[in-house]
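Please read the structure below before turning to the comments.
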Amino acid sequence: MLLIWYLCASFFPCILVVLFSVVTKNKWVGAIVTLMLIGGSIYKGFFHSEWIIFIDVVSLLDGFVIVDKLRLHKQHEDDR
């Protein structure tokens, strides 16, 4: 059961950063909204260990790098 937490922690923050950055067209807003969601989850006590928090932060940074390198936050502006 604990393995599911680690898998979710390694993928969901990255996906959320990419999703929020594409929707808002701003990589910083996407990262901050995802960080707020993780912070709220930590505050409510949904995390079982510090490793899950560490993996969340690494995944969040990975998502930020993906958005920055692929320029997904500016993709819609170039089409016009």
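A short reminder: the numbers here are calculations on the coordinates, not readings from a lab. Worth saying up front: this structure is predicted, and the values here are computed from it rather than measured. Neighbour counts are summed over all protein chains in view; Cβ atoms, including those assigned to glycine, are modelled from backbone coordinates with ideal geometry.
Tell me which chymotrypsin sites (Phe, Trp or Tyr not before Pro) from the chain have a DSSP coil assignment and no more than 15 other beta carbons within 10 Å of their own.
Phe46
Between 0 and 90 degrees, rounded to the nearest ten: what's the tilt of helix 2-24 against the longest Cα principal axis of the chain?
20 degrees
Quick one: what does P(r) look like for the chain with 10 Å bins over all Cα pairs, in whole %?
Bin by bin from 0 Å, the calculated values are 21, 47, 24, 8, 1.
Which value at 222 nm does the chain reach when only helices count, each DSSP H run of 4 or more adding -39,500 (n - 2.57), with the total divided by all residues and rounded to the nearest 500 deg cm²/dmol?
So the helix-based figure for the chain works out to -28000 deg cm²/dmol.
By how many degrees, 0 to 90 and rounded to 10, does the Cα axis of helix 27-44 deviate from the longest principal axis of the chain?
The two axes meet at around 20 degrees.
Please give me the summed charge of the neighbours of Val18: other residues whose Cβ is under 14 Å from its Cβ, Lys and Arg +1, Asp and Glu -1.
+3
Rounding to the nearest 10 and keeping the result within 0 to 90°, find how far the Cα-based axis of helix 50-70 lies from the longest principal axis of the chain.
Rounded to the nearest ten degrees, it is 10.
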